Amino acid sequence: MDIYIVRHPETEGNINKIIYGKSHYPYTTEGKKQFNQIIESVKEMHLDKIYSSPLKRVKDLAEEISQIKGMAIHYDERIEEMGFGILEKHTYKEVDELYPEVYKNYLENYRTYKIPEGESFPEFKRRVLDFIQEVVKEECESILILSHGRVIKEILEFLLNLNSGQGWCFKIKNGCIIQIDYKKGYGQMMLK
């Protein structure tokens with residue numbers, strides 16, 4: 001199975017170093033270029049199924065791909081970005097000033113700490129793993145997954161049989177396309 005994984009184009013939230021999981025920020029000028037580059041790349045792909053996060057920064061891209069490919073999009077909340085609760089829509093500097101204890105706990109214990117009104121990393125990881133474990137059981141030759149940086153790191157960890165935490169060694173840039181050749185429980189990353 002060929003699995004193509006795409007991170008959403010760059011947004012104003014990305015360049016302004018804003019913590020945001022569920023919130024919406026518009027694409028930057030660079031993000032609009034990335035959007036068009038992704039569309040051009042996807043035109044050439046043979047796809048059996050397309051999955052997308054339902055969050056706007058990904059959904060806009062999914063809708064355009066759906067029109068071009070003439071395919072339905074399967075929106076799945078399990079591949080939404082992590083929920084950052086009270087930290088949402090604040091810069092790191094603001095969070096340090098507004099919620100110093102929460103921020104300290106998050107930085108020191110991010111693998112277990114649950115952000116107030118948000119989700120813990122284990123909750124996030126579980127939903128992403130539930131999604132990808134279900135997807136790889138499907139009878140498809142080629143799928144496209146449109147999602148977010150943290151989600152993609154967890155998906156790569158699973159597909160490449162990495163130890164927990166090793167997916168974080170990847171820097172997933174906005175607008176990037178990753179191809180994984182996945183067979184019999186083992187994935188290989190295809191570099192171009």
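Readers should treat all values here as calculations from the given coordinates under stated rules, not as data from a laboratory. Please read these numbers as outputs of a predicted model, since none were measured by experiment. For neighbour counting, all protein chains shown are included, and Cβ atoms are generated from backbone atoms with ideal geometry for every residue, glycine included.
Given region 42-192, report the % of alpha carbon pairs whose separation exceeds 25 Å. Roughly 34 percent, rounded to a whole number. A simple spin-label model places the labels of K171 and Y110 1.5 nm from each other, with each point 7 Å out along Cα-to-Cβ. Among 97-106, 12-21, the peptide with the highest mean count of other Cβ atoms within 10 Å heads the list, and the full ranking is 12-21, 97-106. Stretching L47 away from Q133 to a fully extended chain increases their span by 29.1 nm, per 0.36 nm per residue minus the current alpha-carbon distance. Taking the C-alpha atoms only, the angle from helix 149-159 to the longest principal axis of the chain is near 50 degrees. Cα centroid separation, region 4-68 to region 174-192: 18 Å.
Assuming 0.36 nm per residue, please report the length gained on full extension of the stretch R126 to S66 beyond their Cα-Cα distance.
Answer, rounded to one decimal: 18.8 nm.
Dipole magnitude for the chain: computed about the Cα centre from +1 point charges on Lys and Arg Cβ and -1 point charges on Asp and Glu Cβ, it is near 340 debye.
Beyond 32 Å in Cα-Cα separation lie the following of the pairs K17/K184; K32/K137; K114/K183; K93/K137; K43/K137: K17/K184; K32/K137; K114/K183; K93/K137. Taking Cα atoms only, the orientation of helix 56-69 departs from the longest principal axis of the chain by about 10 degrees. Taking every alpha-carbon pair under 8 Å whose residues sit at least 6 apart, the chain reaches a relative contact order of 34 percent. Packing, as the average of other Cβ atoms within 10 Å across residues, places the peptides 151-158, 67-74, 123-130 in the order 151-158, 123-130, 67-74, highest first. Here the calculated FRET efficiency for E97 and H24, from their Cβ-Cβ distance with R0 = 22 Å, stands at 0.40, rounded to the nearest 0.05.
In what sequence do S147, S53, S142 fall when counting other Cβ within 10 Å, fewest first?
Numbers: S147 26, S53 23, S142 14.
So the ranking, lowest neighbour count to highest, is S142, S53, S147.
The angle between the Cα long axis of helix 121-135 and the longest principal axis of the Cα atoms of the chain comes to about 10 degrees, rounded to the nearest 10.
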